[in-house]
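Here's the structure, in structure tokens; my notes come after.
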Amino acid sequence: MSTNNQQLAIDAIKKKLTGKALSYHEIFSIMDEIANERLGPVLTTYFAAAGFKEGFNDEELYFLTKAMVDTGPKLHFKGIVADKHSTGGVAGTRTTMILVPIIAAAGFQIPKTSSRAITSPAGTADTMEVVAPVTFSPKQIEALVAKAGGCIVWGGHLGLAPADDIIIQIEQPLAFESFDKIVVSVMAKKVASGATHAVFDIPVGPTMKITHFKDAEVIARKLTFLAGKFGMKVTIDVNEALENAGRGIGPVLEVKDVFAVLAQTPDRPLALEAKALRLAAKLLSLCKEGMDGEKAAREILVSGKAMAKMREIIKAQGGNPDIDIARLGVGKFRHDIKSPRAGRVSGINNREITVVCRILGCPTDKRAGMYLERKLEETVDKGDILCTLYSSDKWRLQEAGETVKNVPVFTIE
């Protein structure tokens with residue numbers, strides 16, 4: 001690409017820094033330079049910061065999404081292609097690994113590309129990697145879906161919307177994303193994945209990525225607007241998330257939660273099951289008009305069809321379909337966090353959970369993490385175990401234990 005395009009991109013970034021709107025030609029030049037790694041990290045950071053500060057109008061959001069898709073490869077499927085995305089930021093809420101096998105077992109294609117952790121202790125790709133490889137090419141993903149009906153793979157390796165991945169890397173050290181960036185990132189990945197029907201999960205809560213319902217409504221409006229532009233049918237689930245739906249946080253512990261739900265064990269995390277079923281039901285009803293999505297999703301889960309499908313997906317992706325989840329080991333160093341007083345659990349801080357889990361070694365140390373023994377509104381006695389920390393590194397465990405003393409995860413009243 002000529003230096004003219006680079007100059008156009010630089011001029012466009014300057015223009016955005018002064019708060020002016022950009023044309024498709026200008027936005028495409030920026031995305032093209034970023035995607036081909038010609039812009040460099042400093043100018044890319046300026047662009048990310050300009051977008052964060054000034055925001056984008058609807059037309060610019062469409063241009064950004066389209067340019068991100070147009071500067072990378074796409075997945076190709078025929079017929080209905082279902083998809084799901086969560087704006088995320090909720091540790092230990094691994095609904096995707098329950099939803100995908102339900103949708104695939106219902107007969108709908110679901111090529112789920114997932115991220116690694118950006119702001120949480122583990123992304124779905126980190127968690128799925130405990131049971132199967134997640135790194136595949138676009139052609140391999142098309143073959144996986146043809147074989148098993150669905151897959152759960154890492155999106156970052158695919159090069160779908162490549163500019164987005166580079167901007168994510170820029171934002172990662174700051175652990176922040178602007179709302180416009182979330183909207184564009186989500187939509188670009190869905191369009192590039194070939195999605196025709198999608199459910200969006202937007203958790204809202206005081207310690208979530210999105211803290212106010214009014215912000216969630218803005219995001220929902222922008223997602224709906226963009227979906228319409230690309231001819232995609234969507235349903236949006238804005239929900240209050242005051243705590244984590246699962247009990248395990250960190251790749252291995254989250255896999256144990258997912259399989260407890262799929263196997264319908266008596267001690268499974270019911271909040272995680274309920275959320276996964278709600279999202280799966282909405283997506284099924286969207287994919288087939290007149291279908292009772294709720295009834296269908298529950299029947300597939302309870303009958304064991306979802307578990308059978310999950311094992312089929314694991315096998316297709318090159319994992320062991322007969323894996324015994326009970327035998328998956330957690331970090332060998334553990335530390336119990338006990339309640340300093342009697343009372344009830346009045347708050348669980350998702351942000352502090354993330355901080356502590358990252359100190360423990362998440363997501364790189366798959367066996368590290370936290371297991372929540374107590375949930376909101378439960379009563380505790382002094383000395384009761386609130387949560388257990390796990391790590392493969394005793395020094396990390398020690399540091400995490402010290403951190404919890406200073407920034408409590410649990411509020412007991």
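Points worth noting:
- For region 19-174, the solvent-accessible area works out to 35 Å² per residue, with a probe of 1.4 Å and every protein chain left in place.
- 0 to 90° range, to nearest 10: angle between helix 58-70 axis and the chain longest Cα axis: 90
- In whole percents, the pair-distance distribution calculated for the chain from its alpha-carbon pairs, binned every 20 Å from zero, is 27, 57, 16, 0.
- A 1.4 Å probe run over the protein chains yields, for region 272-339, 53 Å² of accessible area per residue, whole-number rounding.
- Whole-number D in µm² s⁻¹ for region 313-373, Kirkwood Cα-pair radius fed into Stokes-Einstein, 20 °C, 1.002 mPa s: 147
- Separation of the alpha carbons by more than 22 angstrom is noted, of Lys78/Lys181; Lys209/Lys338; Lys181/Lys214, for Lys78/Lys181; Lys209/Lys338.
- Overall, the accessible surface of the chain at a probe of 1.4 angstrom is composed of carbon and sulfur to the extent of 53 percent.
- Signed unit charges on C-beta, dipole axis of the chain, positive-most listed residue Gly228, Leu158, Gly107: Gly107
- 5 Å binning of all Cα-Cα separations within region 95-205, expressed as whole percents from 0 upward: 2, 11, 21, 26, 22, 12, 5, 1, 0
- Cβ crowding within 10 Å averaged over residues, with 27-35, 206-214 ranked highest first: 27-35, 206-214
- Pairs with C-alpha atoms separated by more than 24 Å, drawn from the list Lys295/Lys315; Lys139/Lys309; Lys222/Lys282, are Lys295/Lys315.
- Alpha carbon centroid spacing (whole Å) that separates region 344-369 from region 123-170: 24
- Rg then Dmax, both in Å and based on the Cα atoms of region 225-380: 18.3, 55.
- Between the Cα long axis of helix 24-35 and the first principal axis of the chain there is an angle of about 60°, rounded to the nearest 10.
- Relative contact order (%) - criterion: Cα under 8 Å, at least six apart; region: the chain: 18
- Binning all Cα-Cα separations of region 301-413 at 10 Å, short to long from zero, yields these whole-percent fractions: 14, 34, 26, 20, 6.
- Ranked by the mean number of other Cβ atoms within 10 Å of their residues, highest first, the peptides 288-294, 139-145, 274-280 fall in the order 274-280, 139-145, 288-294.
- Helix 394-406 axis, angle to the chain major axis (alpha carbon atoms, nearest 10°): 90
- Where no second cysteine Cβ lies under 4.7 Å, the cysteines concerned in the chain: Cys151, Cys287, Cys387
- Ranked from largest to smallest solvent-accessible area, with a 1.4 Å probe on the protein heavy atoms, Arg358, Arg268 come out as Arg358, Arg268.
- For region 1-143, the orientation-averaged shadow of the C-alpha convex hull comes to 10.7 nm² (one quarter of the hull surface).
- Sorting 69-75, 124-130 by average packing, meaning the other beta carbons within 10 Å per residue, from highest down gives 124-130, 69-75.
The values are calculated or read from the model by the stated rules, or taken from the named source; none is laboratory data. Quick caveat, the model's predicted, so the values are computed rather than measured. Glycine also receives a Cβ, built like all others from the backbone with ideal geometry; neighbour counts cover every protein chain displayed. In case anyone asks, the SASA skips ligands and DNA or RNA and just uses the protein heavy atoms, side chains included. Shrake-Rupley method; radii C 1.70, N 1.55, O 1.52, S 1.80 Å.
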